[in-house]
Each structure stands twice: as structure tokens, then as C-alpha cells.
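First the structure, in the form of C-alpha cells, and then the observations on it.
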Amino acid sequence: SEPVLEIKNLNVDYGLGDQAVHAVRDVNLTLHRGEVLGLAGESGSGKSTLAYGLTRLLAPPGVVSGGQVIYHPEKGDAYDVLGLSDKELQAFRWAETAIVFQGAMNSLNPVHKISTQLTDVLAAHEPQMSSHSRTARAREMLKLVGISPDRMDAYPHQLSGGMRQRVMIGMALILQPQVVIMDEPTTALDVVMQRQILGQLIELRERLGFSVIFITHDLSLLVEFSNRIAIMYGGRIVEEAQASTLYRESLHPYSAGLLGSFPALRGPRRELTGIPGSPPDLKGMPTGCSFHPRCPKAFDPCADNIPVLGNPDTPDGATRTVACWLHPVKQPVS
Ligand code: SF4
Ligand code: MG
């Protein structure tokens with residue numbers, strides 16, 4: 001299907017010049033219409049920085065130091081989000097691309113009713129809308145995310161964490177954006193609640209037709225809920241494939257380690273191996289493949305040469321990419 005968001009050679013640094021730390025390196029990633037793209041990696045791998053960078057929500061000293069983020073609106077011409085003026089950006093966020101942050105449920109304003117917080121978003125973006133219609137839309141949105149509209153007048157502290165998170169998701173969807181970015185949206189909730197909310201989101205996506213970038217360190221959630229998965233390590237994408245393909249046969253030793261870090265959902269139990277060692281420090285990124293100090297399969301070229309991300313020379317190579325010296329690349333990703 002057609003692309004809705006194309007991230008091209010995106011680089012994000014913290015700081016400038018000699019002091020700059022490279023947090024996101026040469027990321028190329030395409031989100032297609034209606035798709036759920038999972039982005040996985042340990043904390044510090046650059047996942048959140050990538051999300052903040054592409055929506056231009058980076059706080060200083062974070063800065064996008066290169067690349068493009070091409071957005072294809074439902075109607076009209078594609079444009080580079082990185083070239084939008086501040087005013088255009090205000091309209092773009094929420095209305096075209098909405099983001100639900102990690103711990104978002106704690107960012108509701110404690111002194112306002114949830115109905116007011118929902119209708120305020122509408123008032124800011126669709127000022128011509130009558131207050132009656134705004135209230136009606138807010139009710140409808142709450143219903144969609146599984147909250148009874150008679151909770152409209154509740155204050156955030158009167159709702160459970162799961163309900164507050166649903167309100168945030170409702171708020172993200174209220175202007176019917178084409179793209180919804182979820183950054184660890186349910187991490188603070190228990191596992192049952194996480195699955196429930198995500199299941200519901202996927203159902204909504206089928207009904208409303210938006211696309212999702214879903215960021216988490218929990219690869220088991222991605223295997224269950226996404227169509228495609230990209231794995232990040234040390235600020236780079238190291239593997240990308242269909243969720244089922246990745247689950248069946250990951251190529252990158254880091255992906256294999258992540259998959260070994262959680263129990264199998266179905267089928268035979270596997271041993272939890274995890275990944276020894278810790279994620280690299282951005283300030284002292286290892287040379288060559290940044291995973292080499294932790295990689296059980298590291299060999300000659302790994303410590304000195306950065307592997308190129310590209311389609312591997314395998315029968316299904318055209319549908320996946322990997323950056324690892326174990327898998328010679330037939331066609332590099334530009
Ligand atoms: Fe391991 Fe080498 Fe592959 Fe890096 S390039 S993941 S160190 S085998
Ligand atoms: Mg994060």
C-alpha cells in the first residue's frame with residue numbers, strides 16, 4: 001500500500017559540533033497507510049528520540065541534524081515535516097500526526113474535567129465547530145476508547161490509570177489524524193490492561209483507518225499487535241521485517257536476543273536468555289558494529305566496520321532488511 005510517512009536518512013544529535021552526541025543515525029523507515037509499524041529496542045536505543053525528532057518535539061539540546069520526514073496527507077501534496085513553520089507545525093500535530101507519550105496518563109491537567117480537556121483540543125484546531133458538536137465528538141471519542149460518556153465530567157484523579165491512558169488515546173484520535181505515534185503507551189499499566197488497550201486500538205485503526213508507529217521495549221507486544229517491526233540499536237535500525245517473519249526467523253543477533261528476553265506467547269516454552277551486557281553509551285559508541293561487544297557471534301569485521309543496512313541475499317530478502325556482517329547485503333537501503 002502507499003506510504004503515509006517516509007523517514008529518510010534522519011539524524012538526531014544532542015548538542016552541537018564537537019560536543020554532539022549522535023542519538024539517531026541515518027534512519028530510513030516508511031510507514032504505509034493502515035499499517036502498525038512496531039519500533040523496538042532497549043531503552044537508550046534512540047526509539048523515543050526518533051519519535052520526538054520526526055514530530056519536531058525535541059527539547060534542546062536535541063536537534064535534527066539531517067534528513068527528511070515526508071508526510072503524505074490524505075488530500076493534497078506531500079511535504080517535509082522538517083520544513084514546516086511553527087504555525088504549520090501546530091496544525092500538523094494532532095490533526096495529521098498525534099503522539100501519545102510514555103506516561104501520558106499523568107499529563108492530563110488535574111484541575112480540568114476530562115470533557116474540557118477533550119473539547120479544548122477541538123476548540124484549538126477546529127474553532128468553527130459549535131460547542132455542542134465539540135461535546136458530542138468528545139462523548140463519541142470516549143465511547144470509542146471504552147469509557148462510558150457518563151464519566152465525561154470526571155476529573156483525572158477520579159479515573160484509574162488505564163482509563164486515563166484511554167482518555168489520552170481518545171485525545172490523540174479526536175482530530176482523526178492519519179498517523180498515531182505511541183511511545184510506550186501502556187508501560188505503566190499491568191499486562192492484562194496493556195493488551196486490552198492495544199487490542200482496542202487496533203480495532204479502532206481498522207474502523208478509522210489511521211496508521212500507527214508503536215514504540216516499546218516489549219517485543220512480545222509488537223509481535224502480537226504490529227504488521228511490521230523495526231529493531232533499533234545504538235541509534236540505528238539494525239533489522240526490519242514482517243512481524244511474523246521476525247518472530248519465526250530473526251537475522252540480527254540483537255533481535256534474536258530481544259526475542260529471547262520474553263516468554264513465548266504460544267507454542268513450546270523457550271528459555272529466557274536475554275542479552276548480556278548493557279546498551280551502549282551514546283558518548284562512547286563502540287566502533288564498527290555497535291553491538292559487537294555484546295554479540296555472541298561477533299567475528300573479524302565487526303569491531304572495525306559498520307555493517308550496512310540492506311536487503312539480505314536470502315530467498316525472502318526483498319521483504320526485509322538487516323545490518324549485520326553475518327548477512328551479506330544484496331541491496332543497501334539508501
Ligand atoms: Fe554481531 Fe558482527 Fe552482526 Fe554486529 S555485525 S551483530 S557484531 S555478527
Ligand atoms: Mg523511550
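Would you mind stating whether ALA78 is surrounded by fewer than 12 Cβ atoms within 10 Å (Cβ to Cβ), assigned by TED's automatic domain parsing to the domain that holds ALA20 and of a type outside the set (Val, Ile, Thr)?
The answer is no for ALA78.
Condition first: surrounded by 17 or more Cβ atoms within 10 Å (Cβ to Cβ) and among the hydrophobic types (A, V, I, L, M, F, W, C). Now tell me which residues in segment 83-97 satisfy that.
LEU84, PHE92, TRP94, ALA95
If we keep just the residues of segment 183-198 that are aliphatic (A, V, I, L, M) and closer than 21 Å to GLU140 by Cα, which is farthest from ligand 1 (Cβ to nearest atom)?
If we take residues in segment 183-198 being aliphatic (A, V, I, L, M) and closer than 21 Å to GLU140 by Cα, then ILE197 is farthest from ligand 1 (Cβ to nearest atom).
For segment 230-261: of the residues being assigned to a loop (DSSP other than H, G, I, E, B) and hydroxyl-bearing (Ser, Thr, Tyr), which is nearest to ligand 2 (Cβ to nearest atom)?
Only one residue fits best here, namely SER261.
What's the number of the condition VAL111 fails, among (1) on the phi < 0 side of the Ramachandran plot; (2) not in a loop (DSSP other than H, G, I, E, B)?
(2)
Counting just the residues of segment 236-261 that are at pLDDT 95 or above and charged (D, E, K, R), which one comes out farthest from ASN311 (Cα to Cα)?
Among those that are at pLDDT 95 or above and charged (D, E, K, R), it is ARG236.
Condition (residue is surrounded by 15 or more Cβ atoms within 10 Å (Cβ to Cβ), of a type in the set (Ser, Thr, Tyr), touching a strand residue (DSSP E or B) at 6+ places or on another chain (Cβ under 9 Å) and not in a strand (DSSP E or B)) applied to segment 209-229: is it met by at least one residue? Give the derivation first.
Just the residues of segment 209-229 that are surrounded by 15 or more Cβ atoms within 10 Å (Cβ to Cβ), to begin with: 210-229.
Narrowing the set further to residues that are of a type in the set (Ser, Thr, Tyr) leaves 211, 216, 220, 226.
Those left that are additionally touching a strand residue (DSSP E or B) at 6+ places or on another chain (Cβ under 9 Å): 211, 216, 226.
Okay, now just the ones that are also not in a strand (DSSP E or B), so 226.
Within segment 209-229 (the criterion being surrounded by 15 or more Cβ atoms within 10 Å (Cβ to Cβ), of a type in the set (Ser, Thr, Tyr), touching a strand residue (DSSP E or B) at 6+ places or on another chain (Cβ under 9 Å) and not in a strand (DSSP E or B)), the answer is yes, since at least one residue qualifies.
Tell me yes or no: at least one residue of segment 303-320 is within 16 Å of ligand 2 (Cβ to nearest atom), in a helix (DSSP H, G or I) and surrounded by 12 or more Cβ atoms within 10 Å (Cβ to Cβ).
The answer is no; no qualifying residue exists.
Mind checking which pairs have a first residue in segment 39-68 that is touching a residue at least 24 places away in the same chain (Cβ under 8 Å) and surrounded by 22 or more Cβ atoms within 10 Å (Cβ to Cβ) and a second that is hydroxyl-bearing (Ser, Thr, Tyr) and outside any loop (DSSP other than H, G, I, E, B), Cβ under 7 Å, 6 or more apart or different chains?
From segment 39-68, the pairs are ALA40/THR216; GLY41/TYR233; SER45/TYR233.
Taking PHE214 and the conditions (1) within 16 Å of ligand 2 (Cβ to nearest atom); (2) not assigned by TED's automatic domain parsing to the domain that holds ILE229, which numbered condition does it fall short on, given that it satisfies the others?
Tallying (1) within 16 Å of ligand 2 (Cβ to nearest atom); (2) not assigned by TED's automatic domain parsing to the domain that holds ILE229, PHE214 fails exactly one: (2).
Is it the case that PHE101 is touching a residue at least 12 places away in the same chain (Cβ under 8 Å), within 22 Å of GLY161 (Cβ to Cβ) and of a type in the set (Phe, Trp, Tyr)?
Here the answer is yes, as PHE101 does meet what is asked.
Anything in segment 67-106 that is within 16 Å of ligand 2 (Cβ to nearest atom), of a type in the set (A, V, I, L, M) and out of contact with any helix residue (DSSP H, G or I) (no Cβ under 7 Å at 6 or more places or on another chain)? List them, or say none.
None; the set is empty.
Could you name every one of the helices (runs of 4 or more DSSP H) located completely within segment 114-189 that has at least 3 residues being touching a residue at least 40 places away in the same chain (Cβ under 8 Å) and under 26 Å from the mean Cα position of the chain (by Cα)?
Output list reads 114-125, 161-173.
When segment 1-50 is examined, which residues are found to be within 16 Å of ligand 1 (Cβ to nearest atom) and in a loop (DSSP other than H, G, I, E, B)?
Those that are within 16 Å of ligand 1 (Cβ to nearest atom) and in a loop (DSSP other than H, G, I, E, B): GLY41, GLU42, SER45.
Touching a helix residue (DSSP H, G or I) at 6+ places or on another chain (Cβ under 8 Å) and at pLDDT below 85 - does that describe any residue in segment 303-311?
The answer is no, given that none of the residues of segment 303-311 is touching a helix residue (DSSP H, G or I) at 6+ places or on another chain (Cβ under 8 Å) and at pLDDT below 85.
Within the bounds of segment 79-88, is there any residue that is assigned to a loop (DSSP other than H, G, I, E, B) and either modelled with pLDDT of 95 or more or not charged (D, E, K, R) (or both)?
Yes, some residue in segment 79-88 is assigned to a loop (DSSP other than H, G, I, E, B) and either modelled with pLDDT of 95 or more or not charged (D, E, K, R) (or both).
The values are calculated or read from the model by the stated rules, or taken from the named source; none is laboratory data. Predicted, not measured: the structure shown is a model, and the values here were computed from it. Note that each Cβ is placed from the backbone with ideal geometry, even for glycine, and that neighbours are counted across all protein chains shown.
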